[in-house]
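S.K.: Handing you a structure now.
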Amino acid sequence: MSGVKGLGHVVLRVRDLERAESFYRDVLGMRVTARLGNRMSFLAAREGVSHEVALLALGPQAPGPDPRRVGLYHIAFQVDSLDELESFYARLQELGVPVVGIGDHGISVGVYFLDPDGNEIEVFYELPPEEWPREGPLFAGKFPYPFPRGTGLQV
């Protein structure tokens, strides 16, 4: 039996398609690859894929995500370096996007924020496998480098 190759895409329900599309384009740097009228938008960060995020418009009266219910907690996008993560963190500050948390996962560090519809997003940097701990649980311990440098915040 063969297994899956990896995660292909996620579909998020949103109230306002144009507002959500602008957020994923302007904040995350994704590009729109296709659109189905005013109902769906498809976006990608990587080259060579049709989409990684699809946005499905439900209308302005749709309720937001409920953290007390079973379902998606957050989606995460990876960057290639700690410097890129720090630049992204600074970009969130410049754009006025509130950071709701900074997570230390031992082998990775992430910045958490919400899209305009309340969907939680993480942008993270993960250490290369050769720097992962050889003993103990993979996600135990403390991320070995300071982040974000110069902000006074602590992971």
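S.K.: Within the stretch 111-133, track down each residue that is within 21 Å of A20 (Cβ to Cβ) and not hydrophobic (A, V, I, L, M, F, W, C). Full working, then the answer.
M.R.: Residues of the stretch 111-133 within 21 Å of A20 (Cβ to Cβ): 111-123.
Across the stretch 111-133, the qualifying residues are Y112, D115, P116, D117, G118, N119, E120, E122.
S.K.: Something else: Checking G101 against (1) within 28 Å of F139 (Cβ to Cβ); (2) assigned to a loop (DSSP other than H, G, I, E, B): exactly one of these is not met. Which one?
M.R.: If we test G101 against (1) within 28 Å of F139 (Cβ to Cβ); (2) assigned to a loop (DSSP other than H, G, I, E, B), just (2) comes out false.
S.K.: Of the conditions (1) of a type in the set (F, W, Y); (2) farther than 26 Å from T33 by Cβ; (3) not in a helix (DSSP H, G or I), Y89 fails just one. Which one is it?
M.R.: (3)
S.K.: Right, another one. Counting only residues that are of a type in the set (A, V, I, L, M) and not in a strand (DSSP E or B), which one in the stretch 71-86 is surrounded by the most Cβ atoms within 10 Å (Cβ to Cβ)?
M.R.: Initial filter on the stretch 71-86 (of a type in the set (A, V, I, L, M)): 72, 75-76, 79, 82, 85.
Keeping just the survivors that are not in a strand (DSSP E or B) gives 72, 82, 85.
Numbers: L72: 12, L82: 17, L85: 23.
Per the criteria, the residue is L85.
S.K.: Looking at R68, is it among the charged types (D, E, K, R), more than 30 Å from P129 (Cβ to Cβ) and part of a loop (DSSP other than H, G, I, E, B)? Before you say what the answer is, go through the steps one by one.
M.R.: Values: among the charged types (D, E, K, R): yes; more than 30 Å from P129 (Cβ to Cβ): yes; part of a loop (DSSP other than H, G, I, E, B): yes.
Taking the combined requirement at face value, the residue satisfies it.
S.K.: Tally up the residues in the stretch 111-144 that are modelled with pLDDT of 80 or more and part of a loop (DSSP other than H, G, I, E, B), please. Break it down stepwise before answering.
M.R.: Quick first cut of the stretch 111-144, residues modelled with pLDDT of 80 or more only: 111-135, 137-139, 142-144.
Then keep just the ones that are part of a loop (DSSP other than H, G, I, E, B); that gives 115-119, 127-128, 132-135, 137-139, 142-144.
The number of residues fulfilling the criteria is 17.
S.K.: May I ask you to list the residues in the stretch 6-28 that are free of Cβ contacts under 8 Å to residues at least 40 places away in the same chain and in a loop (DSSP other than H, G, I, E, B)? Before the answer, list the steps.
M.R.: Within the stretch 6-28, the subset free of Cβ contacts under 8 Å to residues at least 40 places away in the same chain is 6-7, 18, 21-22, 25.
Selection gives G6, L7.
The values are calculated or read from the model by the stated rules, or taken from the named source; none is laboratory data. Note that the coordinates shown come from a computational prediction; the quantities given were computed from them, not determined experimentally. With ideal geometry, Cβ positions are generated from the backbone for all residues, glycine too; neighbour counts draw on all protein chains shown.
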